[in-house]
Structures are given as C-alpha cells and as structure tokens.
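Bear in mind these aren't lab numbers, they're just calculated from the coordinates by the rules spelled out. Bear in mind the structure is a predicted one, so any value in this text is a computation, not a measurement. Here the Cβ positions follow ideal geometry from the backbone for every residue, glycine too, while neighbour counts run over all protein chains shown.
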Amino acid sequence: MNVVTLTDDNFENEVAASEKPVLVDYWAPWCGPCKMVGPIVEEIAIEYSDKLKVGKLDIDSNQESAAKQNVMSIPTLAIFKGGELIAQQVGALSKTQLTQFIESNL
C-alpha cells in the first residue's frame with residue numbers, strides 16, 4: 001500500500017528519517033471531512049510515489065504526535081522535509097487544491 005499508517009511510535013522514523021518529503025494526513029474515524037479527503041490522499045500517494053511519502057495519522061489513537069505538531073482541527077494536511085514541518089493546510093481540500101499545495105511545497 002502506498003499510504004503509511006503513522007503512529008506515535010513510528011512517527012519519528014517514518015517522517016524525520018524519510019529521504020523524500022512526507023505528506024501527513026491527520027484524521028479521525030468520526031470526522032466527515034476526513035472521510036472525503038481520505039480517497040484523494042490515497043490517489044496522491046500513488047501519483048506522487050516517486051516524489052513524496054504519504055502517511056495517515058489517526059489523532060484519536062496517536063494524540064502525542066498530533067499535539068507535538070499543534071494539530072487543533074482535522075483534517076489537517078502537513079508537509080515535512082527533513083523532519084521539519086514546512087507547510088500545513090487545515091480543512092478538506094479538493095484534489096486540485098491538494099495537488100497545488102503539494103506542488104508549491106516540493
């Protein structure tokens with residue numbers, strides 16, 4: 001699968017140690033807008049697999065990682081390079097909006 005399941009335990013290894021930039025989708029199972037964004041994030045993971053690592057973090061199960069990144073609302077999409085947060089977008093995005101967000105931060 002092209003989307004990595006992120007947890008408090010593997011967040012540092014998967015994100016900070018990644019050679020490629022990482023798109024992180026902060027979500028929760030009860031979040032309606034997150035369910036709309038989920039399939040788009042999965043498409044992006046396939047289309048950008050050569051340029052970008054994509055991970056999803058369930059904030060209910062992994063509150064520590066979400067708190068470290070000051071995630072206050074979901075869905076939140078964040079891009080990390082070299083383990084550093086470089087861009088963040090809050091709210092549901094269309095595929096076009098998400099592609100533009102990624103392209104402007106790669």
*asked:* Excluding same-chain pairs closer than 8 in sequence, count the lysine pairs in the chain whose Cα atoms lie under 18 Å apart.
replied: 14
*Check V4: other-chain or 5+ apart residues with amide H under 5 Å from its amide H, H built from backbone geometry?*
V54, G55, K56
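Report, for the chain, the % of DSSP beta bridges that are antiparallel, rounded to 5.
Details: 11 of 21 bridges.
In the chain, DSSP labels about 50 percent of beta bridges as antiparallel.
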_Treating the chain as a set of equal point scatterers at the Cα positions, no solvent, please give the Debye-formula log₁₀ I(q)/I(0) at q = 0.11, 0.14, 0.21 Å⁻¹._
-0.27, -0.45, -1.11
*Ranking M36, M72 by Cβ neighbours within 10 Å, fewest first, what do you get?*
M72, M36
